[in-house]
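The values are calculated or read from the model by the stated rules, or taken from the named source; none is laboratory data. Note that the coordinates shown come from a computational prediction; the quantities given were computed from them, not determined experimentally. No Cβ is skipped: glycine too gets one built from the backbone with ideal geometry, and neighbour counts run over all protein chains shown. Please note that ligands, DNA and RNA were not included when accessible areas were found on the heavy atoms of the full protein model with its side chains. Shrake-Rupley method; radii C 1.70, N 1.55, O 1.52, S 1.80 Å.
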Amino acid sequence: HHDPDKYPWLYWSFRFMVALLVGTLAFFLIHTLLWLFRLVRTRHHWIEHKESDEGQVYYKRFKRFQRWQHAVMIVSFFTLALTGMALKFSYATWAQGIAWLFGGGQTMGYVHRFAAVALIILFTYHLATLVRRKREGKLSWLQMLSGPDTLMFTLTDVRQIWQSFMWFFGRAERPKYGRYTYWEKFDYFAVFWGVLVIGSTGFMLWFPEFFTRLIPGWTINVATIIHSDEALL
């Protein structure tokens with residue numbers, strides 16, 4: 001992946017994934033530090049708010065089955081992260097220790113694939129619930145993607161990102177977020193996009209003999225870079 005002339009697809013895939021990884025983590029690191037800076041400066045406000053529950057009204061945001069879906073996603077994701085990072089850095093001592101705990105690299109590979117299938121089943125079910133919600137609400141896909149309760153980014157989110165940074169420095173009031181904030185939308189989109197990207201490249205790595213009957217062999221090397229770096233992100 002260091003030779004742009006001989007392996008351009010490998011080279012640019014590697015450069016793109018590194019830029020995506022560094023850029024995303026840098027943005028949210030700055031975002032988090034500035035938010036903490038704002039909270040420290042205004043601690044008198046949020047401590048009082050936190051300790052005062054009188055007159056507060058609470059709403060159940062997620063149904064029980066939705067919470068179970070989150071639990072399955074969390075367990076499967078952390079299983080994939082633990083086993084996947086140990087496979088990615090198999091030369092490291094800590095990775096070999098994790099492999100030993102799982103009973104060896106081969107067993108750890110089986111666990112990794114099992115967790116992947118569980119996550120893909122959950123993802124497929126989530127897509128089915130979106131289709132059912134669209135049908136029951138008699139909505140178009142445009143309304144689903146741009147309505148007031150959408151989990152996709154809109155121009156309002158872009159404005160609220162800027163307003164939030166102004167609020168961090170005390171230059172503006174905190175934005176009145178909708179049902180989902182821009183950072184929650186990013187979390188959702190990251191998982192949605194991640195399952196598609198990691199899942200598709202994961203199947204390529206799982207069944208390389210089948211896929212290389214249809215596509216060139218170098219795509220397996222590209223899939224390795226995208227799969228592991230997207231998972232790391």
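As a summary of the residue check, ILE161 satisfies the conditions (1) within 30 Å of MET204 (Cα to Cα); (2) part of a helix (DSSP H, G or I) except for the one numbered (1). The residue that is modelled with the lowest pLDDT, counting only those in the range 37-67 that are more than 26 Å from TRP167 (Cα to Cα) and open to solvent by 100 Å² or more (accessible area, probe 1.4 Å), is GLU54.
Out of THR32, THR79, THR83, I need the residue that is closer than 22 Å to TYR180 by Cβ and surrounded by 11 or more Cβ atoms within 10 Å (Cβ to Cβ). Which one? That would be THR32, the only listed residue that is closer than 22 Å to TYR180 by Cβ and surrounded by 11 or more Cβ atoms within 10 Å (Cβ to Cβ). Yes or no: the range 19-27 includes at least one residue that is closer than 29 Å to ILE226 by Cβ, modelled with pLDDT of 95 or more, assigned to a helix (DSSP H, G or I) and polar (S, T, N, Q). Within the range 19-27, not a single residue is closer than 29 Å to ILE226 by Cβ, modelled with pLDDT of 95 or more, assigned to a helix (DSSP H, G or I) and polar (S, T, N, Q). Selection over the range 116-136 of residues that are open to solvent by less than 40 Å² (accessible area, probe 1.4 Å) and either polar (S, T, N, Q) or more than 19 Å from ALA231 (Cα to Cα) (or both) gives a count of 2. Only one residue in TRP167, TRP183 is open to solvent by less than 40 Å² (accessible area, probe 1.4 Å) and modelled with pLDDT of 90 or more. Which one? The conditions single out TRP167. When the range 1-28 is filtered for residues that are free of Cβ contacts under 8 Å to residues at least 12 places away in the same chain, of a type in the set (A, V, I, L, M, F, W, C) and more than 15 Å from LEU232 (Cβ to Cβ), the ones remaining, listed by number, are TRP12, PHE27.
Restricting the first member to the range 91-106 and to residues that are within 22 Å of TRP206 (Cα to Cα) and assigned to a loop (DSSP other than H, G, I, E, B), and the second to residues that are open to solvent by 100 Å² or more (accessible area, probe 1.4 Å) and modelled with pLDDT of 90 or more, no beta-carbon pair is closer than 7 Å while six or more apart or on different chains.
Any residue in the range 8-15 that is within 26 Å of ALA116 (Cα to Cα), in a helix (DSSP H, G or I), among the small types (Gly, Ala, Ser) and in contact with a Leu (Cβ under 6 Å, 6 or more places away or on another chain)? Within the range 8-15, none of the residues are within 26 Å of ALA116 (Cα to Cα), in a helix (DSSP H, G or I), among the small types (Gly, Ala, Ser) and in contact with a Leu (Cβ under 6 Å, 6 or more places away or on another chain).
Matching residues to (1) of a type in the set (D, E, K, R); (2) out of contact with any Lys or Arg (no Cβ under 9 Å at 6 or more places or on another chain); (3) closer than 29 Å to ALA116 by Cβ; (4) without any contact (Cβ under 8 Å) to a residue 24 or more places away in the chain:
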position: LEU151; (1), (2), (3), (4): no, no, yes, no
position: GLN160; (1), (2), (3), (4): no, no, no, yes
position: GLY170; (1), (2), (3), (4): no, no, no, no
position: LYS176; (1), (2), (3), (4): yes, yes, no, yes
position: TRP183; (1), (2), (3), (4): no, yes, yes, no
position: ASP187; (1), (2), (3), (4): yes, yes, yes, yes
position: GLY194; (1), (2), (3), (4): no, yes, yes, no
position: LEU205; (1), (2), (3), (4): no, yes, yes, yes
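In this structure, does THR201 turn out to be closer than 28 Å to ALA81 by Cβ and open to solvent by less than 40 Å² (accessible area, probe 1.4 Å)? It is true that THR201 is closer than 28 Å to ALA81 by Cβ and open to solvent by less than 40 Å² (accessible area, probe 1.4 Å). Entry remark, the range 8-27: residues being among the aromatic types (Phe, Trp, Tyr) and surrounded by fewer than 13 Cβ atoms within 10 Å (Cβ to Cβ) number 1 in total.
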